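Asks: Just dropping this structure here.
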Amino acid sequence: MELELTIIYLFDLFGTFIFAITGAVKGVRCKLDILGVVVFACTVGCGGGMFRDMLLGATPVAALTDSAYILICVGTGLAVFFLAPKFVGKWRVILFADSLGLGVFTALGVAKGAMYGIGPVGQVLCGVFSAVGGGVVRDIMSRSVPSVLTSDFYATASLIGGIVYLILEMTGLGIFSKFLIASGTVFIIRLIAIKYRFHLPVADTALPVDDYLTMHK
């Protein structure tokens, strides 16, 4: 059990670091100042995990009881701010990191849900909320429609990965193997969706959405 907790903790820190990168990059692209970039790094890096812990009743949340989480986010935010000209324009690198973080936090959320004894559906949802929570807050703060609602198989990839993790729990595999397979599944699905521009269907309307809303004001 102690080994499992250590593995979960290390994956949590790794996922926090990866998502902090994507949050900081979003802040730079929005032309925020140094504080704004750090805030975005902390929001995305810790937001999903905080949301997950609150859902599970694991309070105070890990990000507030262990300073490593905030320090990782602050350090990452500062690094991205000062190194921005070198890699912020390399959007593929950012998508790669975001997909990796999505996979790690999905597996982590399901594993933590299982530790707290919630049911299978709750475990999968815990994985999804853990993976997308920080990004939702980031998009709201930057006045954007949350990418989880519009992006290529974002939450869908997380949902599939959570189900894969549940199936793996029945096989007797070690927690490290389950993490690798489930997070790898999310990562691959997300990259394939980006490459081939997969999207869930969108409702068709007779008028463009803006015109429809104007008519019904």
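Asks: How many residues are touching a residue at least 60 places away in the same chain (Cβ under 8 Å), closer than 15 Å to ALA155 by Cβ and either part of a loop (DSSP other than H, G, I, E, B) or aliphatic (A, V, I, L, M) (or both) when one looks only at region 189-202? Spell out the reasoning first.
Replies: Within region 189-202, the first condition is being touching a residue at least 60 places away in the same chain (Cβ under 8 Å), and the residues that meet it are 190-191, 194.
With the extra rule that they be closer than 15 Å to ALA155 by Cβ, the set shrinks to 190, 194.
Filter again for either part of a loop (DSSP other than H, G, I, E, B) or aliphatic (A, V, I, L, M) (or both), leaving 194.
The total comes to 1.
Asks: Looking at VAL145 and the list (1) modelled with pLDDT under 95; (2) closer than 30 Å to GLU2 by Cβ, which single condition is not satisfied?
Replies: (2)
Asks: What's the number of the only condition in (1) surrounded by fewer than 24 Cβ atoms within 10 Å (Cβ to Cβ); (2) more than 14 Å from the chain's Cα centre (by Cα); (3) within 18 Å of PHE179 (Cα to Cα); (4) not β-branched (Val, Ile, Thr) that LEU100 fails to meet?
Replies: Going through (1) surrounded by fewer than 24 Cβ atoms within 10 Å (Cβ to Cβ); (2) more than 14 Å from the chain's Cα centre (by Cα); (3) within 18 Å of PHE179 (Cα to Cα); (4) not β-branched (Val, Ile, Thr) one by one, LEU100 breaks only (2).
Asks: Would you confirm whether any residue within region 103-110 is over 19 Å from ALA58 (Cα atoms) and modelled with pLDDT of 90 or more? Working first, answer last.
Replies: The initial filter retains those residues of region 103-110 that are over 19 Å from ALA58 (Cα atoms), namely 103-104.
So of that shortlist, the ones also modelled with pLDDT of 90 or more come out as 103-104.
Yes, region 103-110 contains a residue that is over 19 Å from ALA58 (Cα atoms) and modelled with pLDDT of 90 or more.
Asks: Now, a different point. Any idea how many residues of region 40-63 are part of a helix (DSSP H, G or I) and either without any contact (Cβ under 8 Å) to a residue 60 or more places away in the chain or of a type in the set (Asp, Glu) (or both)?
Replies: Final tally of qualifying residues: 6.
Asks: Scan region 133-188 for residues that are part of a helix (DSSP H, G or I), among the charged types (D, E, K, R) and either crowded, with 20+ Cβ neighbours inside 10 Å or free of Cβ contacts under 8 Å to residues at least 40 places away in the same chain (or both) and jot them down. Break it down into steps so the answer makes sense when it comes.
Replies: First pass over region 133-188, keeping only residues part of a helix (DSSP H, G or I): 133-141, 147-150, 154-169, 175-188.
Next, only the ones that are among the charged types (D, E, K, R) stay: 138-139, 169, 178.
Across region 133-188, the qualifying residues are ARG138, ASP139, LYS178.
The values are calculated or read from the model by the stated rules, or taken from the named source; none is laboratory data. No experiment lies behind these values; they were computed from the predicted model shown. No Cβ is skipped: glycine too gets one built from the backbone with ideal geometry, and neighbour counts run over all protein chains shown.
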